[in-house]
Amino acid sequence: MAAFVLLGAALVGCGGGAAETSAPKAETPTASHSPSARADAAAGPKPARKPAVPPTLAPGPGGLTPVYSRRARGAEKVVALTFDADMTADQGPRAAGGERFDNPQLIATLRRLKVDATVFMTGRWAEEYPDQAKSIGGDPRFEIANHSYSHYAFASPCYGLPTVAGPDMTADVQRAFDAFRDAGAVNVVPYFRFPGGCYDDAALRALGPAGVTAVQWDVVSGDAFAKDADAVAEQVLDGVKPGSLVVMHCTRSAAPVTEQAIRRIVPELRARGYRFVKVSELMSKS
């Protein structure tokens, strides 16, 4: 399969601080005044609820990694907004020099607007901003998916990105998952997005042992290096259909108008009857 070149040049960063508000604690009777509480205490602690297993697609012929790009069935008005948190392995000196590869304001806006979303994060980004990775990955409104550790290409050519050797691809993906775990992220799903959107059959075959579902998109936001928030918003609004999966970015330097565009996109899509879901929910409905 020829490499799919669907996305602009390599982009950078996405993050967010702690949630803006916390739920108030409900008042409960004390054990000394509540018979049911005494009975519960005698019975011992209740077992923790088992978390839902995120849906995945079955491998393709010959064990090829499956690829998902949008919900194919049904007319329910749901849409998944996804945000790539790009940071390549060699950009540490730029971060040390003051370049910001995060965008807490975007994450705060998604929280304020109550938008569920999936963040495709590189492992290198999680290492640079572990507190933000933990915050995003601990918020039930979000889920973290894998965007590789290094943000190097898995097929060539791909926007001038360095290329990961075939035998190293699974290890690169696993290293990103390890970085999320080390940061303390909880809501991590077994989905993978190819850096630059570039892949071929060799890459799909090499990633088979990783057990991930590759996730692409059907709506390109055009937010990469964009300067006009309205143009980005209009491109998304024109492209979204029931079951769409939108690719966007969150960074202060390479996608500077994304947060502003979101403030228009969200209310307009809601006015059309759309509901925002994470990729895991979108895939569960396919």
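Of note:
- Projecting the Cα atoms of 123, 159, 136 onto the dipole axis of the range 82-168, where Lys and Arg carry +1 and Asp and Glu carry -1 at the beta carbon, places 136 farthest toward the positive end.
- Along the range 132-148 the Karplus relation, 6.51 cos²θ - 1.76 cosθ + 1.60 evaluated at θ = phi - 60°, assigns HN-Hα couplings of 6, 4, 5, 5, 5, x, x, 9, x, 6, 10, 9, 9, 10, 8, 10, 6 Hz to successive residues, with x for each Gly and Pro.
- Cα gyration tensor, the range 195-286 - rounded (a/c under 1.5), prolate or oblate: oblate
- Net charge dipole size for the range 66-157 [Lys, Arg +1 and Asp, Glu -1 on Cβ; Debye, nearest 20]: 520
- Förster radius 25 Å - calculated FRET efficiency between residue 237 and residue 105, Cβ distance, rounded to 0.05: 0.70
- Peptide ranges 239-251, 221-233 listed from the most packed, as the mean C-beta count within 10 angstrom indicates: 239-251, 221-233
- Reach of residue 285 by Cα under 19 Å, taken over aspartates and glutamates that are not fewer than 8 positions away in the same chain: 76, 116, 143, 218
- Theoretical gain in end-to-end length, residue 77 to residue 284 [0.36 nm per residue, Cα-Cα removed]: 73.1 nm
- Packing-based order for 255-262, 143-150, 198-205, using average beta carbon neighbours within 10 Å, highest first: 143-150, 255-262, 198-205
- From phi via Karplus (6.51, -1.76, 1.60), per-residue ³J(HN,Hα) for the range 255-260 in Hz, x at Gly/Pro: 9, x, 10, 4, 4, 5
- Dimensionless Rg ratio for the range 134-267, taking C-alpha atoms and the 2.2 N^0.38 Å reference: 1.12
- The order of the peptides 66-73, 85-92 by mean Cβ neighbours within 10 Å, most packed first, is 85-92, 66-73.
- Interchain or long-range residues, amide H under 5 Å from residue 120's placed H: 83, 84, 85, 145
- Residues 134, 285, 278, ordered by accessible area of protein heavy atoms at a 1.4 angstrom probe radius and largest first, appear as 134, 285, 278.
- Classified by the C-alpha gyration tensor, the range 69-169 has an oblate form. Its axis ratio a/c, with a ≥ b ≥ c, is 1.5 or above, and a/b does not exceed b/c.
- Structure note, pairs 114/278; 114/134; 77/134: Cα-Cα distances above 23 angstrom occur for 77/134.
The values are calculated or read from the model by the stated rules, or taken from the named source; none is laboratory data. Small disclaimer: the values here were computed from a predicted structure and weren't measured. Cβ atoms come from the backbone with ideal geometry, glycine included; neighbour counts cover every protein chain shown. We work out accessible area using only protein heavy atoms, side chains counted, and drop any ligands, DNA or RNA first. Shrake-Rupley method; radii C 1.70, N 1.55, O 1.52, S 1.80 Å.
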